[in-house]
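Some notes on the structure that comes next.
The values are calculated or read from the model by the stated rules, or taken from the named source; none is laboratory data. Owing to the predicted nature of the structure, the values given are computational and were not obtained by experimental measurement. Glycine gets a Cβ as well: all are built from the backbone with ideal geometry, and neighbour counts include every protein chain shown.
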Amino acid sequence: MKLSLFLAYSLASYASASAVALESDIPLGASITLPRSTSLLPRLPWKQPRKDNWGNRVEKDRKKITIRASKHDHDDISADFLWALKKANHGGLVHLKKGHKYVIGRKLDLTFLKDVYVKLDGELKFTNDIEYWQKNNFYYDFQRSITFWVWGGKDIKIYGSGVLNGNGQAWWDGFQGAEILDPNNKFLRPILFLTDNATNVEVTGIHLKDSPVWTTFLVRTNNVAFDNVLIDAISTNASTTPKNSDGFDSYNVDGFTVTNTRVDVGDDCFSPKPNTTNVFVKNLWCNNTHGVSIGSIGQYAGVKDYVTNVWIENVTLLNGQNGARIKAWAGPTAGYGYIDNITYKDIHIENTDKPIVLDQCYFNINQTTCAAYPSKTNVTNVNFINISGTSSGKNGKVVADIQCSPGATCSGIRLKNINLTSPAGGPPQIVCDNVKGGIGIDCIPASQADD
Ligand SMILES: *[C@@H]1O[C@H](CO)[C@@H](O)[C@H](O)[C@H]1NC(C)=O
Ligand SMILES: *[C@@H]1O[C@H](CO)[C@@H](O)[C@H](O)[C@H]1NC(C)=O
Ligand SMILES: *[C@@H]1O[C@H](CO)[C@@H](O)[C@H](O)[C@H]1NC(C)=O
Ligand SMILES: *[C@@H]1O[C@H](CO)[C@@H](O)[C@H](O)[C@H]1NC(C)=O
Ligand SMILES: *[C@@H]1O[C@H](CO)[C@@H](O)[C@H](O)[C@H]1NC(C)=O
Ligand SMILES: *[C@@H]1O[C@H](CO)[C@@H](O)[C@H](O)[C@H]1NC(C)=O
Ligand SMILES: *[C@@H]1O[C@H](CO)[C@@H](O)[C@H](O)[C@H]1NC(C)=O
Ligand SMILES: *[C@@H]1O[C@H](CO)[C@@H](O)[C@H](O)[C@H]1NC(C)=O
Ligand SMILES: *[C@@H]1O[C@H](CO)[C@@H](O)[C@H](O)[C@H]1NC(C)=O
Ligand SMILES: *[C@@H]1O[C@H](CO)[C@@H](O)[C@H](O)[C@H]1NC(C)=O
């Protein structure tokens with residue numbers, strides 16, 4: 001290390017105690033702590049500082065910013081949090097401490113980030129001021145999505161033992177009776193965590209709780225990873241349920257990893273949407289969900305969509321509508337594209353209406369219409385390997401339903417080592433139609449199934 005650099009580094013370390021006094025714009029109750037240098041001697045060549053996965057400083061070598069906590073659920077610290085992220089940007093860390101609550105009551109544009117850590121050990125909670133958020137949010141055309149905040153930039157790490165709380169109850173109660181895909185629905189609800197135009201995002205350890213709608217939505221993002229995360233949405237109002245609270249959704253994402261994660265929500269557990277590539281899911285547990293669902297793909301006329309290179313391994317799915325599902329549109333207004341190279345392996349399913357589904361005549365298109373307007377979304381090279389467990393019996397003896405579109409491309413579909421039973425009695429039925437080259441095991445046409 002050059003002497004001048006070394007001096008600057010040590011001086012910065014000495015300045016630590018007085019750092020607060022040197023800052024003039026520091027909000028009440030906030031602090032800045034510079035990293036301690038471990039020695040005044042120049043670093044020996046074999047003692048280079050450790051780097052994180054992206055080549056940036058590790059936690060102990062980072063400037064740490066703290067802010068005051070909220071005193072109650074309406075004590076908005078969003079300005080302090082924004083200040084802290086700006087201070088911590090380019091190599092620092094914002095620490096939200098255990099046992100403290102930090103309330104966000106204003107929308108936040110966080111698309112300026114570059115190498116920043118957020119250590120969330122406390123609770124980051126949104127206000128449930130529906131009137132404010134419906135007027136102030138970030139809007140996305142895709143399914144008319146809105147969000148409280150947008151995270152974007154490069155090298156963003158959010159980790160710790162804390163909670164990101166969407167405070168969804170009032171939203172679920174207010175949405176009662178409405179439908180998200182109804183074009184006349186005006187009651188839009190904010191997504192809890194959304195990235196846009198981001199590269200390298202890592203979320204580890206935290207609990208994402210009670211999102212008003214989808215829990216996470218990754219948009220135009222490359223390399224996003226969730227590990228050891230808990231997602232749930234639990235209503236305390238017996239007359240309302242948390243609708244559309246998907247665990248994971250993606251849109252134009254390349255490199256998407258979810259590992260060692262538990263999801264208990266009333267909608268999709270994991271659902272890569274248009275233009276998602278290179279997906280890796282391992283050790284995922286889903287309770288009460290609509291399944292690990294790819295798509296739907298090919299919804300909009302003239303628009304190309306695709307999902308490719310997906311590996312999904314060791315997933316447990318309990319008490320759900322679907323287990324492993326793939327859906328591609330057909331019909332007069334469908335778009336086009338492809339779903340290619342998808343593997344579901346070692347999947348355990350219990351009490352689930354449709355354990356295995358491939359539907360290339362989505363959405364609700366009958367065979368006649370599907371034959372007249374075949375799907376233009378090609379489905380190729382899909383493996384379902386070692387899938388075990390039970391259905392709920394809601395679809396009779398049918399445990400796997402592979403419905404390709406007549407006159408469409410649907411090939412390379414393989415089912416192997418399937419051990420699924422139905423409480424409706426045996427033998428379990430595996431249904432398939434219009435698959436080129438078969439599915440690797442015996443199956444019957446839908447017309448012969450007794451579901
Ligand atoms: C995406 O972010 C980069 C910086 O990370 C910026 O240069 C670019 O303009 C952004 N693109 C869009 C479409 O916002
Ligand atoms: C539960 O939700 C219903 C429907 O929105 C609402 O009318 C009722 O006030 C809610 N109950 C409580 C205790 O908030
Ligand atoms: C499979 O995932 C579960 C969590 O759902 C985990 O407990 C288990 O260790 C995993 N099994 C393997 C072989 O990794
Ligand atoms: C899974 O959901 C069911 C309700 O469908 C609930 O009774 C059960 O406690 C949940 N399991 C776990 C381990 O949380
Ligand atoms: C998917 O990517 C293609 C380009 O490869 C683009 O034309 C299309 O608009 C994208 N689809 C969506 C839904 O963004
Ligand atoms: C299929 O996807 C896997 C990842 O799941 C990838 O390793 C493999 O290279 C892909 N195969 C092709 C032919 O692209
Ligand atoms: C779908 O497959 C057909 C037949 O192989 C091919 O002509 C077409 O280009 C494919 N579509 C896409 C979007 O790849
Ligand atoms: C099949 O999957 C289950 C998990 O559902 C796993 O425990 C078992 O080891 C797998 N069997 C094989 C042969 O890989
Ligand atoms: C299929 O759906 C079309 C369009 O909704 C309808 O006109 C037709 O009667 C249906 N055919 C059958 C056999 O149900
Ligand atoms: C199928 O699963 C049942 C339990 O669900 C188990 O008893 C049986 O040994 C399994 N059969 C095979 C061939 O793995």
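Of all residues in segment 356-399, those satisfying the criterion of being within 16 Å of ligand 6 (Cβ to nearest atom) and of a type in the set (A, V, I, L, M) are Val379, Val382, Ile385. Of note, Gly337 does not satisfy the criterion of being within 16 Å of ligand 9 (Cβ to nearest atom), at positive phi and touching a Phe, Trp or Tyr at 6+ places or on another chain (Cβ under 7 Å). Quick check: is even one residue across segment 419-429 within 30 Å of the chain's Cα centre (by Cα), modelled with pLDDT of 95 or more and exposed (fewer than 13 other Cβ atoms within 10 Å of the Cβ)? Yes - at least one qualifying residue is present in segment 419-429.
Within the set Ile65, Ile77, the sole residue that is among the β-branched types (Val, Ile, Thr) and touching a helix residue (DSSP H, G or I) at 6+ places or on another chain (Cβ under 7 Å) turns out to be Ile65.
Looking at segment 363-380, is at least one residue closer than 24 Å to Trp285 by Cα and of a type in the set (Val, Ile, Thr)? The answer is no; no qualifying residue exists.
In segment 253-289, the residue that is farthest from ligand 3 (Cβ to nearest atom) out of those that are within 21 Å of Thr236 (Cα to Cα) and crowded, with 23+ Cβ neighbours inside 10 Å is Asp267. Within 26 Å of Leu181 (Cα to Cα) and either within 16 Å of ligand 2 (Cβ to nearest atom) or not in a loop (DSSP other than H, G, I, E, B) (or both): does that describe Leu317? In short, yes. Of Ala371, Ala324, Ala334, all but one fail to be outside any strand (DSSP E or B) and more than 16 Å from ligand 5 (Cβ to nearest atom); the exception is Ala371.
Within segment 176-220, the set of residues being more than 16 Å from ligand 5 (Cβ to nearest atom), among the hydrophobic types (A, V, I, L, M, F, W, C) and touching a Leu at 6+ places or on another chain (Cβ under 7 Å) comprises Leu192, Phe193, Ile206, Leu208. In segment 351-368, of all residues being more than 16 Å from ligand 8 (Cβ to nearest atom) and in a strand (DSSP E or B), the one that is surrounded by the most Cβ atoms within 10 Å (Cβ to Cβ) corresponds to Gln360.
Scanning segment 300-322 for residues that are crowded, with 20+ Cβ neighbours inside 10 Å and within 17 Å of the chain's Cα centre (by Cα) yields Val307, Val310, Ile312, Val315, Leu317. On the basis of being away from ligand 2 (no atom under 16 Å from the Cβ), on the phi < 0 side of the Ramachandran plot and touching a His at 6+ places or on another chain (Cβ under 9 Å), does Ser375 make the cut? No: the conditions fail for Ser375.
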